[in-house]
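S.K.: The following block contains the structure, expressed as structure tokens.
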Amino acid sequence: MAVHSARSPSPHSVDRVCSNDVIANNAPGSGPWAKGAAAVKELYATTTDATPGGYAVYLKTQTDSAGGANWYFYGALTAGDTTVDGMGNDATVMATCTGCHLAAGSDAAHTPSPGGRDEVYTPVQ
């Protein structure tokens, strides 16, 4: 996927999402993601930047999403500032990532990409 303006309701202004095969091979589906589903989101200041200014990562660690508790989230700026690092039920992670990601696929406003569901807004094939 190319660098693009983030899709609503994302707080990330410009990004590029890179999904692993667990997501890519099941992107058009409708059920929960399998254990091991993961993606890296490169964060950019503008669509013309050549280098990301940060990264956001998520990984499903168990078969059951458990309301986001079994998803691991990591976020950092390339300056070395880690903004989030932990499981989805951690208070900081819940406030920064899980709280929003829980809504993925819940309605039209929270399904900006076909196949968005179970913590993942943009499943990339």
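The values are calculated or read from the model by the stated rules, or taken from the named source; none is laboratory data. Small disclaimer: the values here were computed from a predicted structure and weren't measured. For neighbour counting, all protein chains shown are included, and Cβ atoms are generated from backbone atoms with ideal geometry for every residue, glycine included. These area figures cover heavy atoms from the full protein model, side chains too; ligands, DNA and RNA do not enter into them. Shrake-Rupley method; radii C 1.70, N 1.55, O 1.52, S 1.80 Å.
S.K.: Can you pull the accessible area of Asp85 for me, 1.4 Å probe, Å² to the nearest 10?
M.R.: 90
S.K.: What relative contact order, as a whole-number percentage, does the range 44-125 give when Cα pairs under 8 Å and 6 or more residues apart are counted?
M.R.: RCO, the range 44-125: 18 percent.
S.K.: For the range 21-125, just say rounded, prolate or oblate: build the C-alpha gyration tensor, square-root its eigenvalues into a ≥ b ≥ c, call rounded for a/c under 1.5, and beyond that prolate if a/b exceeds b/c, oblate if not.
M.R.: oblate
S.K.: Give the value in nm², to one decimal: projected area of the alpha carbon convex hull of the range 43-90, averaged over all directions.
M.R.: 4.0
S.K.: Another question, then. Among Pro123, Gly99, Thr63, whose Cα sits farthest toward the positive end of the charge dipole of the range 54-125 (+1 at Cβ of Lys/Arg, -1 at Cβ of Asp/Glu, about the Cα centre)?
M.R.: Towards the positive end, the residue furthest out is Pro123.
S.K.: Are there chymotrypsin sites (Phe, Trp or Tyr not before Pro) in the range 31-116 that DSSP puts in a loop and that have at most 16 other Cβ atoms within 10 Å, and which ones?
M.R.: Filter output for the range 31-116: empty list.
S.K.: Follow-up. Working with all protein chains in place, sort Met87, Met1 by solvent-accessible area computed with a 1.4 Å probe, largest first.
M.R.: Met1, Met87
S.K.: Please state the charge dipole magnitude for the range 1-104, taken about the Cα centre, from unit charges on C-beta atoms (+1 on K and R, -1 on D and E), reported in debye and rounded to the nearest 20.
M.R.: So the dipole magnitude of the range 1-104 works out to roughly 220 debye.
S.K.: At a 1.4 Å probe, what is the % contribution of carbon and sulfur to the accessible area of the chain?
M.R.: 54
S.K.: Rank Thr83, Val3, Ser30 by how far each Cα sits towards the positive end of the charge dipole of the chain (+1 on Lys, Arg Cβ; -1 on Asp, Glu Cβ) and give me just the farthest.
M.R.: Ser30
S.K.: Have a look at Gly80, Gly88, Gly31 and tell me which one the Gaussian network model of the chain (Cα, springs below 10 Å) gives the largest fluctuation.
M.R.: Gly80
S.K.: Still on this model: Quick one: longest stretch of the chain between exposed loop trypsin sites (Lys or Arg not before Pro), exposed meaning at most 15 other C-beta atoms within 10 Å and loop per DSSP?
M.R.: 36-125
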